[in-house]
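The values are calculated or read from the model by the stated rules, or taken from the named source; none is laboratory data. Not measured: the values here are computed from a predicted model. When we count neighbours, we look across all protein chains shown, and the Cβ atoms used for this are built from the backbone with ideal geometry, even at glycine.
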Amino acid sequence: MRDARRYHMALGLLCAATLILFCLSLLVGPAGIGFFDSLSALFSERRDAIALIMREIRLPRALLGLMVGGTLGLSGAVLQGYLRNPLAEPALIGVSASASLGAVLAIYTGLSTVFPLALPLAALAASVVAVVVVQAMAGRRGSVLTLILAGVAVSSFAGAMTSLALNLSPNPFAALEIMFWMLGSLTDRSMTHVWLALPFMLAGWAALLTLGRALDALTLGGDTAASLGIDMRRVQFLAVFGTAASVGAATAVTGAIGFVGLVVPHLLRPLTGGRPSRLLPASALGGASVVLAADILVRVVAPERDLKLGVLTAIVGAPFFLWLVWRERRKVA
Amino acid sequence: MTLLSVAHLSAALGGRPVLHDISFAVGPGELVGLIGPNGAGKSTLLRAVMGLTPATGGIVLDGEDGRVLTAARRALKVAFVAQNRDVAWAMSVEALVALGRLPHLPRLSPLRAADRAAVDAAMRMMDIEAYRERQATALSGGELARVLAARALAQETPLLLADEPAAGLDPAHQISLMRTFRSLAEQGRSVVVSTHDLALAARSCTRLILLDRGRVVADGTPEAVVTADNLQSVYRVRAYFGEVEGRMIVLPLDLSERT
């Protein structure tokens, strides 16, 4: 029971942190707009510069931070629970790399300059192809090992094709654009991006959030979970398609943002009493908080340099993860 | 009336036949010990009954065809203690035992009073109430085995299958585990346990099924199954047989000389 109280408190704190960071994200930017000015501009019918900046630049950026962070945290928690492995992350099933490839192809062919939405659409299409291949490889009996191996193969292939596109890129600008896009960022996204990603993300979240009980049962392994009435094929289907839809959409609009889906579930697990079902909402909120905070940080640390979000999450995330591993090691010894 | 009936069951693992034409039926009140040497097919038989490994032949669970039963419905009829005792996350003992209530819980419902009562009763039966708050990953092997058995007891199914539930338990807890299974049987349920402990099986089970290389070699009372001949031909051991307090004692002594 102590467990439950601690968990509810953690969930409340995470909610508050997400809300505060979301508001902060709306307030931070090169145009120094006052607190009340910015919020009133958001909710009024005004058509001046402030209202434009708020509605067209900062609101989509904050919304995408919330959505992408939530997606990464939630899908990371689901995959770690499904694979019973704390090192699993959303990129494992090949969706992120494939979505990147789709986007890169759109840049490479010049399609994205003609028609801006071609980039996220190509990324989404590529992630659909990836998930169909991975799911077909894993088969109906649903072996976890085959799923991981298929994911690794699809990721490697997509990575190689991305390198090929860079290798053959028509001019250094295209190569630079590809590189920059792959670093992952929330800068200069519009409400169109939000509306494009939202339906896929909602569908993905809905699939992932139904898995709580199944993941709890999976704590004891696949056999015991099946004996508890869990349909393992359904679980695999929902985990793979939920991750593919939400992470595919996230990568399509922001590029690859690493480490959030790996570190956040790992970090929050002790607060949930080790129960995967409790980790799902906690990790979604945690992921949203981390991405929002990182996106605020890139604006504060280097306002002039357009520091990429994906770079920051990796720079901060990797040493942090090392520290976590170090702490675990001491606990085991 | 039977709670479990298996008819002409055959199964293969990786192309190698493991079970050949196995038939038996278990009724309420029976505590059946499944014995046999390593590789005899005990685990595969239990897994096949649970629908965890493909098999041909008939399986009827509590009056319903096991091959068309949905996972959710099967979970209300039969509970399973798997041989694999790996626990992925540091979950509390109480939360782990409560997983046994999942098949009974309506969608999105938290544990109800009846569920909590079942969890408490299961923990009492397995003598793990003192560990309630402890993390399952920090328990000893024998303690964890009792937690996992309690998880299956909390499921409150008419039929219970357990794959080597007594392995790793100290003598007192081995005896009390079998006594718990016996009392479940006496309440009209059926329990099937696989074990390598012939002495424990012989003195606690109402019936034994001896498997050898995927076939049923003997099926009957402990006295009829655990015989010098069967131990010699199946296990290749010589054993001491005795009787204490009216119950059969068997103690494997040495490898048998005849080959």
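General remarks:
- For the stretch B:83-122, residues that are of a type outside the set (A, V, I, L, M, F, W, C) and part of a loop (DSSP other than H, G, I, E, B) total 9.
A quick yes/no check of all residues on (1) buried (at least 20 other Cβ atoms within 10 Å of the Cβ); (2) within 14 Å of chain A (Cβ to nearest Cβ); (3) farther than 27 Å from B:MET1 by Cα:
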| site | (1), (2), (3) |
| --- | --- |
| B:ASP120 | no, yes, yes |
| B:MET123 | yes, no, yes |
| B:LEU144 | yes, yes, yes |
| B:LEU148 | yes, yes, yes |
| B:ALA162 | yes, yes, no |
| B:ALA172 | no, no, yes |
| B:ARG182 | no, no, no |
| B:VAL193 | yes, no, no |
| B:ALA199 | no, no, yes |
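- Any hit, the stretch B:61-72, residues being hydroxyl-bearing (Ser, Thr, Tyr) and touching a residue at least 60 places away in the same chain (Cβ under 8 Å): no
- Just so you know, in the stretch A:256-274 the residues that are among the small types (Gly, Ala, Ser), surrounded by fewer than 24 Cβ atoms within 10 Å (Cβ to Cβ) and within 12 Å of the chain's Cα centre (by Cα) include one that is nearest to the other protein chains (Cβ to nearest Cβ), and it is A:GLY258.
- Unmet requirement for B:ASP219, which otherwise passes all of (1) modelled with pLDDT of 95 or more; (2) crowded, with 22+ Cβ neighbours inside 10 Å; (3) not β-branched (Val, Ile, Thr): (2)
- In the stretch B:33-72, of all residues being among the charged types (D, E, K, R) and closer than 30 Å to B:ASN230 by Cβ, the one that is nearest to the other protein chains (Cβ to nearest Cβ) corresponds to B:ARG47.
- Residue match in the stretch B:73-82 (condition: touching a residue at least 40 places away in the same chain (Cβ under 8 Å), more than 14 Å from every other protein chain (Cβ to nearest Cβ), under 22 Å from B:PRO158 (Cβ atoms) and assigned to a strand (DSSP E or B)): no
- Qualifying residue in the stretch A:209-216 (condition: buried (at least 23 other Cβ atoms within 10 Å of the Cβ), without any contact (Cβ under 8 Å) to a residue 12 or more places away in the chain and within 8 Å of chain B (Cβ to nearest Cβ)): no
- The residues listed here are B:GLY188, B:GLY246; of these, the one that is modelled with pLDDT under 90 and out of contact with any Cys (no Cβ under 6 Å at 6 or more places or on another chain) is B:GLY246.
- Looking only at the stretch A:181-229, residues that are part of a loop (DSSP other than H, G, I, E, B) and in contact with a Phe, Trp or Tyr (Cβ under 7 Å, 6 or more places away or on another chain) come to 1 in all.
- Per this entry, A:ARG46 is not counted among residues that are on the phi < 0 side of the Ramachandran plot and under 28 Å from the mean Cα position of the chain (by Cα).
- Just one residue in the set B:THR259, B:THR157 is assigned to a loop (DSSP other than H, G, I, E, B) and either modelled with pLDDT under 95 or among the basic types (Lys, Arg) (or both); that residue is B:THR259.
- Answer from A:ALA294, A:ALA250 - the residue that is of a type in the set (Gly, Ala, Ser), crowded, with 24+ Cβ neighbours inside 10 Å and closer than 23 Å to A:GLN135 by Cβ: A:ALA250
- For A:GLN135, the conditions (1) in contact with a Lys or Arg (Cβ under 9 Å, 6 or more places away or on another chain); (2) at pLDDT below 90; (3) under 24 Å from A:GLY70 (Cβ atoms) all hold with the exception of (1).
- Of all residues in the stretch B:125-138, exactly one satisfies the criterion of being within 20 Å of A:ARG2 (Cα to Cα), among the aliphatic types (A, V, I, L, M), touching a residue at least 40 places away in the same chain (Cβ under 8 Å) and crowded, with 17+ Cβ neighbours inside 10 Å, namely B:ALA136.
- Some residue of the stretch A:177-200 being among the polar types (S, T, N, Q) and surrounded by 20 or more Cβ atoms within 10 Å (Cβ to Cβ): yes
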